[in-house]
Structure formats: structure tokens, C-alpha cells
Amino acid sequence: MTGRLADRLIVNLAALLVLAFAAGPILLAAFGSVVPDRILFDRDRSVLEGGMTLDNYRYIFTGRLPAAYMAEGANRAMISDAARQVPRSLWNSAQISTSVLALNLLLGAPAAFAFARFAFPRKKPAFLFLILSPLVPAVALVTPIYLLVDGLDLLGTKLAVVLVHTARSLPFTILILSVFFRKLPDELFEAAVIDGCSRLQSFLRVALPLALPAVCATGLFAFMLSYTEFLFSMVLSGDARSRPLSVVMAALARNTDVSWSLLNSAIFIAVLPTLLLVVLVWRYVVEGLLAGAVKG
């Protein structure tokens, strides 16, 4: 009994450490976003003394300067105009990442099903090339992709970022879903053929419903890969009208004079959509990962 209690305590302690490591920076960003800089860095002043404020969020969404910087002698250089680009860039990233998710599922799920269930010429070399392609360093691809996108006259558009992000994340989607499709019992597809289903109907009516948790999980990962990608977003995006959030956040962080409270506000806004997305689909993510790890 004592041994079980000790094991439980160790597991709970480990879980708390993981939670603190994962959620700690987010909570600190949320806290720092509502505490003025003059209180955040003053050990002699309490947070309760100065109070909390939403002025930084108001500035980001409306452009209204925080009250602390309206006073005479205030250092207004701490207010970065890059923070005003966060709402638009957040919408750009949402559009880009959602498009990447849709293209990954639209192209990746049928391709994974074909690799998993059918035999065709040059199947093994094609699959090997597909899963090894992400191992090529992104830095080595920047110049040729830039020239290709420029030649297609797509430079500075969101479409260019969507296509490149899709190409970079599609091998991962195909690999994960092909593992899942390969584990489905052959009897299900034999019964579907007997009932008169074509290959497409077998995919849509048999494989896809069974693979829904894995599809949701891989779609979410494709969304996250696109949402957090920086290098190609920086090189291919144009002005503020098409700039993703990762590029704007990098520009904001490079400003050494920026208000820490304002920077924390932008960070929390950037993280919040992904947190909401994970909360909404966490059940599918967990089930998809378990389905990919356990034999059917």
C-alpha cells in the first residue's frame, strides 16, 4: 500500500512538473500582459498597489495609447507599432494555417490510403522519397523556393505561404495516416468490395470514418506546423496585409526598447488561438495518437 502511494505521489509530482514547464511561460505572459512595466520590474511595489490594466490590449486592437505613456516625460519609444499589426497578422495566420490543414487532409488522406492499401509501380521508392524529403534542411530550400515562387509571380502573397507550408507538412500527414490505414483489418475492405464498393467508396465509407480521430490529430499538427513556421513565412510574405503572425512577433521581439507588458500581451494573443484549438479537439488528438500506436 505504501509503495502504491509513493508511486502515485511520484507520478503526480512528475505531472505537475510537466504542467509547470508547459503552462508556466503562458501564465507568466498572461500575468505580465496586465501588469505595468513600472510595477513588473520594481521589487518594492506590489501588484495590488498599482493594479492591473488592459491598456496594452486596447492599444493592440484600437491604437489607443496606454495611460502610462500619455504622462509627460514618458518613454513612448517603448510602444512599438509592430504590436498594432498583431490582429491582422493573426487573421492572416488563421487563414494560412486553416488552408494548409484543409489541403493536407484533402491530398494527404487519399495518398496515405493509396500507399497503405494498394500496390502500384515504384511504390516503395516514391514513399521513401516522400518521408525522407522533410530531412532536407529548410535553409537549403529557401533560395530555390524563393526563385520558384517569384517565377510564378506569387511572391508576397498568402497563397505562396500556403503552398510551401502544405508541401513541407504533407509528408508528415501521409506518413502518420498511412500507418493508421495499414493497421485496419483487411476483412473490412473485402466486405466492402463484396458489397459493390469501389476503391473510392471504400476510402470514403470505410477507411475515413474509422480514421477520423487520426485525421483530426494530423490535421491539427499540420495547422500547428504552419502557424508556428517562421523562415518561409518571412521570406515569402510581403507587407503587413499578408504577413503571418510569426513574422510580426519576430519584428516585435527584435525591438530592444519595447515595453515588456506590451510584448507579453502580443505573446498571449498569439498563443491563445492554439490553446482554444487544442481544447476543442483534444479528444480526437489523444484518440488519434493512441490509434496510431496500438495494433488494430
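Each reported figure results from applying straightforward, stated rules to the coordinates on display, with no laboratory input. All values reported here derive from a predicted model rather than from experimental measurement. As a convention, Cβ positions derive from the backbone with ideal geometry for all residues, glycine included, and neighbour counts pool all protein chains shown.
Rounded to the nearest angstrom and listed largest first, the equivalent-ellipsoid semi-axes of segment 119-161 from its Cα gyration tensor are 28, 14, 8. For the chain, the longest principal axis of the alpha carbon atoms and the long axis of helix 158-182 meet at an angle near 50°. Among M52, M249, M224, the residue with the largest mean-square fluctuation in a Gaussian network model of the chain, with springs joining Cα atoms closer than 10 Å, is M52. Between S133 and L147, the distance separating the two model label sites (each 7 Å from Cα on the Cα→Cβ line) works out to 1.9 nm. Using helices alone, I'd like the mean residue ellipticity at 222 nm for the chain: each DSSP H run of four-plus residues gives -39500 (n - 2.57), total over residue count, nearest 500. Helices in the chain give a 222 nm mean residue ellipticity of -23000 deg cm²/dmol. For segment 135-195, the Kirkwood hydrodynamic radius comes to 14.6 Å, computed from all pairs of different C-alpha atoms.
One compactness figure for segment 153-246 is 1.47, namely its Cα radius of gyration divided by 2.2 N^0.38 Å. Residues considered: A251, A83, A126. Largest GNM mean-square fluctuation over the chain, using C-alpha springs under 10 Å, is found at A126. Got a sec? Charge dipole of the chain, +1 on Cβ for Lys and Arg, -1 for Asp and Glu; which of A114, S233, L155 is way out at the positive end? Of the options given, the answer is A114.
In degrees from 0 to 90, rounded to the nearest 10, what is the angle of the helix 260-293 Cα long axis to the longest principal axis of the chain? Computed tilt is about 20 degrees. If exposed chymotrypsin sites (Phe, Trp or Tyr not before Pro) are those in a DSSP loop with at most 14 other Cβ within 10 Å, what is the longest stretch of the chain that has none? Between the exposed loop sites, the longest stretch runs 119-229. Equivalent ellipsoid of the chain: semi-axes from √(5λ) of the C-alpha gyration tensor, largest first, are 44, 28, 15 Å. Angle of helix 86-117 to the longest C-alpha principal axis of the chain, folded into 0 to 90 degrees and rounded to 10: 20°.
Say the dipole of the chain comes from +1 at the beta carbon of Lys and Arg and -1 at that of Asp and Glu; which of A211, A192, L275 then lies farthest toward its positive end? Selected residue: A192.
For the chain, the relative contact order works out to 31 percent when only alpha carbon pairs closer than 8 Å and six or more residues apart are counted. For the chain, the dipole from Cβ point charges (+1 on Lys and Arg, -1 on Asp and Glu) about the Cα centre works out to 580 debye, to the nearest 20. For segment 100-202, the spread of Cα positions along the three principal axes, ordered from largest to smallest, is 51, 24, 21 Å.
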